[in-house]
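The values are calculated or read from the model by the stated rules, or taken from the named source; none is laboratory data. This one's a predicted model, so the numbers in the text were calculated from it and none came from an experiment. Positions of Cβ are backbone-derived with ideal geometry, glycine not excepted, and every protein chain shown enters the neighbour counts. What goes into the accessible areas is simple: the full protein's heavy atoms, side chains included, and nothing from ligands, DNA or RNA. Shrake-Rupley method; radii C 1.70, N 1.55, O 1.52, S 1.80 Å.
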Amino acid sequence: MLPFSIALRPGEPVVDQVVYAVTWAVVSGQLRAGDRFPSVRALSQELKVNPNTAQRIVALLVEAGLLAVEPGIGTVVTAHQPGAGASTAAARRADLTELRNRLAEPLVVEARRIGVSLADLVEMVRAQWKSLDAAPRAAPRGAEPRE
Amino acid sequence: MDHAIETDRLTCRYGRTRAVDELTLHAPAGSIYALLGPNGAGKTTTLKTLLNLRSPASGTARVLGVDSRALGPADLARIGYVSENQHIPSNLTIGEIEAFCRPWYPTWDAALANELRERFGLDPRARIKALSRGTRLKVQCLLALAPRPRLLILDEPFSGLDPVVRDDLTTGVLSLADRDGWSVLLTSHEMDDVERLADHVGFLAGGRLIVEEPMESLLARFRRVEVAMPDGAAVPTQRPANWLGFSVDGRAARFVESQASADAEAAWRAAFPGATIAAHPMSLRDVFVALTRSMAPLASGAAR
C-alpha cells in the first residue's frame with residue numbers, strides 16, 4: 001500500500017504524475033518528516049510501472065529535497081523546508097519563473113477565457129491554499145484514495 | 001552484452017508471404033521492451049523465431065548473446081516464455097506440472113513459486129483442464145517466472161483478461177525486477193498497461209519495424225494538434241510528412257505531429273497564420289492508432 005494517493009492517467013508522463021502526487025502529500029501533511037517512503041521495488045509493483053521509472057521518481061524526489069536516502073533505513077520523507085529543493089539563488093529564481101510561466105499564466109488565461117474576475121480567482125487560490133492546511137486526509141485532484 | 005535481443009535483417013516466410021521482413025531490432029539488456037503492431041504484423045512469428053521454434057529464411061537473431069538457431073537446453077532454461085497458444089498437459093494438476101518442470105531448471109526458486117502461487121490464488125490440486133483461461137495464464141506465468149529467467153518473452157500475456165488478473169500478472173512479472181540484467185520482451189494490445197510497464201517500444205507493421213525507441217522519447221515527440229483558423233484562412237496544401245491524419249472541419253484543423261519540437265511548433269504557426277493552436281500530449285494508445293492509420297515512412301531518431 002502506498003502512503004500517498006494517486007490514480008495514474010494514460011497520456012501524461014507517469015514520472016510527472018507521481019512526483020506531483022508525492023509533492024501534494026508532503027505539502028498537505030499527508031506525508032510527514034521521517035515517514036518511510038516505499039522502496040523502488042515496492043513503488044514499481046504497487047503502481048505497476050517499469051522499475052527504471054520508479055527509480056527515476058525517487059531520484060527526482062530526492063533531488064527536490066522531499067525525500068532522503070538514510071543508509072540502513074531506506075528512503076524517508078525529509079523535514080520539508082519550503083524552497084529546500086532550490087539550493088542556490090539562481091535555482092530559486094528558476095523555480096519562480098517556472099511557477100509564473102507554466103502555472104500562473106495558464107491559470108490567468110483560462111480565468112479570462114471563461115470570464116472569472118481577478119477577485120474571484122484570488123479567492124479560489126486562497127481557498128485552495130487553505131484546503132491544503134486544513135485537510136491532510138483529502139486527496140489531490142484526479143486521485144482516488146487507494147485501498 | 002548490451003542487448004538482451006538483437007536481430008539483423010531477420011526475414012521469415014510462410015510460403016511466399018514475408019511475415020517478418022528484414023527486421024533489425026535491439027532490445028537493451030535490463031529493459032522492458034514492448035513489440036507493438038496491428039494484428040498480422042509479424043509479432044508472434046518474430047517471438048517464435050527468437051526462441052528457435054521457427055527458423056529464419058534469412059538474417060540472424062541473437063538472444064542473450066547466442067544465435068537463435070544455436071539455442072540449446074541450457075540457454076532456453078534462462079528464458080521464460082508465456083504464450084496463449086502454449087500447450088500444457090491438461091490432465092495434470094498444478095502441483096504435478098510444477099514438479100514436472102522444476103528439474104529442468106537449475107535456477108528454479110521454490111520460494112518464489114510458493115509466493116506466486118499464493119499471490120495468484122492457485123490451488124496445487126486443481127487440474128489444468130478445469131481452469132479458466134485467466135487462471136491457466138497465471139499457471140504459465142508461474143512456470144515461466146519461478147526459474148528466475150534472465151529474459152522473459154510474453155506473447156499477449158494480458159489479452160482478454162480482467163483487470164484484476166492483469167494486475168496480478170504484472171505484479172508477478174515486476175517481482176523479478178530486482179535482478180541485474182533482467183529483461184522482458186512482450187507483445188500486447190493493452191496499451192495502458194504497456195505505457196506504464198515498457199521503457200522501450202518497437203512498432204511493427206507488415207513485418208517491418210517502423211519505430212524503435214525509448215517510450216519516453218516516443219511519447220514526447222507525438223502531439224495531437226488542434227487548430228482554430230481565422231475566418232477566410234486558407235488550408236495549407238503543402239504539409240510536412242510528419243503531420244499524420246490531417247483533417248479539416250470548417251475552421252478547425254486537426255493532425256498528429258510525429259516530430260514535436262520547437263521547430264515543429266514554428267512550422268505550425270507559419271502554416272496557419274493568425275490561428276489559435278493547441279497541442280496535447282497523447283497516450284500510447286493514441287500514438288498506436290495514429291501510427292497504424294498512417295503507414296507513412298517515419299524517420300525515428302533511435303532506429304538503426
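So what is Rg over Rh here for the range B:72-134, counting just Cα atoms and using Kirkwood for Rh?
0.96
Averaged across B:185-193, how many Cβ atoms of other chains sit within 10 Å of each residue's Cβ atom?
Working: counts 0, 0, 0, 0, 0, 0, 1, 5, 2.
Across B:185-193, the average partner-chain Cβ count within 10 Å equals 1.
In units of 2.2 N^0.38 Å, what is the alpha-carbon radius of gyration of the range B:167-212?
Normalised Cα radius of gyration, the range B:167-212: 1.31.
What is the helix-to-structure angle for B:110-120, meaning the angle in degrees between its Cα long axis and the longest Cα principal axis of chain B, kept from 0 to 90 and rounded to the nearest 10?
Around 60 degrees separate the two axes.
Leaving out ligands and nucleic acids, note down the accessible area per residue over the protein assembly as shown with a 1.4 angstrom probe, in whole Å².
On a per-residue basis, 51 Å².
How many nm separate the modelled label positions at B:Ala262 and B:Glu115, each set 7 Å beyond the Cα in the direction of the Cβ?
Between B:Ala262 and B:Glu115, the simple spin-label model gives 4.7 nm.
Hey, if you drop one equal point scatterer on each alpha-carbon of the range B:59-205 and run the Debye formula without solvent, what base-10 log of I(q)/I(0) do you get at q = 0.16 Å⁻¹?
These q points yield log10 I(q)/I(0) values of -0.90.
Please give the residues from the range A:13-58 for which the solvent-accessible area of heavy atoms, probe 1.4 Å, is smaller by at least 30 Å² with all protein chains in place than with the chain isolated.
Buried by the other chains: A:Arg41, A:Gln45, A:Lys48, A:Asn50, A:Pro51, A:Asn52, A:Arg56.
Beyond 18 Å, what percent of the Cα pairs of the range A:10-90 remain?
40 percent
What does the buried accessible surface come to for B and A, summed over both chains, with the probe at 1.4 Å? Round to 100 Å².
Summing both sides, the interface buries roughly 1400 Å².
May I have the extent of the alpha carbons of the range B:1-139 along their three principal axes, as whole Å values ordered from largest to smallest?
Sorted from largest, the Cα extents of the range B:1-139 read 46, 32, 24 Å.
Go through the range B:207-212 residue by residue and turn each phi into a ³J(HN,Hα) via Karplus (6.51, -1.76, 1.60, θ = phi - 60°); whole Hz please, and just put x for glycine and proline.
Going residue by residue, I get x, 10, 8, 8, 9, 8 Hz, with x marking Gly and Pro.
Roll a 1.4 angstrom probe over the protein heavy atoms and tell me the percent of accessible area of the protein assembly as shown that is carbon or sulfur.
53 percent
Using helices alone, I'd like the mean residue ellipticity at 222 nm for chain B: each DSSP H run of four-plus residues gives -39500 (n - 2.57), total over residue count, nearest 500.
Rounded to the nearest 500, the figure is -8500 deg cm²/dmol.
For the pair B:Ala130 and B:Phe100, what calculated FRET efficiency results from E = 1/(1 + (r/R0)^6), where r is the Cβ-Cβ distance and R0 = 25 Å, to the nearest 0.05?
On the way: r = 18 Å, r/R0 = 0.71.
Calculated transfer efficiency: 0.90.
Scan around B:Leu71 for amide H atoms under 5 Å from its own, H built in the peptide plane at 1.01 Å from N, and keep only partners 5 or more places away or cross-chain.
Excluding prolines and chain starts, which carry no amide H, there are no hits.
Let me check the size of the range B:161-304 from its C-alpha atoms; what are the radius of gyration and Dmax in Å?
For the range B:161-304, the Cα-based Rg and Dmax read 18.3, 61 Å.
Taking the Cα atoms of the protein assembly as shown, report the difference between the largest and smallest coordinate on each principal axis, in whole Å and largest first.
Principal extents (Cα only, largest first): 73, 60, 42 Å.
For q values of 0.11 Å⁻¹, compute log₁₀ I(q)/I(0) with the Debye formula on a Cα-only model of chain B, without solvent.
Cα-only, vacuum Debye calculation for chain B: -0.72.
Take the alpha carbon atoms of the range B:139-217, find their center, do the same for the range B:16-40, and report the distance between the two centers in whole angstrom.
Centre-to-centre distance over Cα atoms comes out at 13 Å.
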